[in-house]
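Working notes, structure below.
Just so it is clear, none of the values below were taken in a lab; they were calculated from the coordinates. These numbers come from a predicted model, not from an experiment. With ideal geometry, Cβ positions are generated from the backbone for all residues, glycine too; neighbour counts draw on all protein chains shown.
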Amino acid sequence: MKLTKRKLRQIIQESMQPPQYSATEIFMDIMRRGGPDRYVALAHGRPGMKCTDFMHYQQALRAYIDTEAPHLKDMPNNVWNDVCYLLSQVD
C-alpha cells in the first residue's frame, strides 16, 4: 500500500487529537469483565464483597482503571461521574 501525503497528514492529525472517553463504553467493559462487585472486591482484597455504597462504585472504577485500563487515568471528571452513576443504577 502506498502512503500518500494526504493520508500521512490525516494520520498525524488523528494522532494529535486528545483521546475520547465514552462513559457507556467504559461501563459496558466493566460489566463484561465481571461487574463492579468484582472490582470492589479487588480494591478491598476481600473476595465476594458487594457494592453497597456509592463510594464502592468509585473504588471499583479505580480498581478497574488500575488493573485493566491504565490509559483511562486522565479521564475527565464528568466521565468519571457518569460511569459511577451507571454502575450504581445496575444493581
Report the residue count in segment 1-47 for those that are surrounded by 10 or more Cβ atoms within 10 Å (Cβ to Cβ) and touching a helix residue (DSSP H, G or I) at 6+ places or on another chain (Cβ under 6 Å). 10
Flagged in segment 24-49 as closer than 14 Å to Gln89 by Cα and not hydroxyl-bearing (Ser, Thr, Tyr), in numbering order, are Phe27, Met28, Ile30, Met31, Gly35, Pro36, Asp37
When (1) within 15 Å of the chain's Cα centre (by Cα); (2) in a helix (DSSP H, G or I) are applied to Gln20, the one that fails is (2)
Filter segment 35-73 for residues that are outside any helix (DSSP H, G or I) and either touching a residue at least 40 places away in the same chain (Cβ under 8 Å) or among the basic types (Lys, Arg) (or both) and give the result. Arg46, Lys50, Cys51, Ala69, Lys73
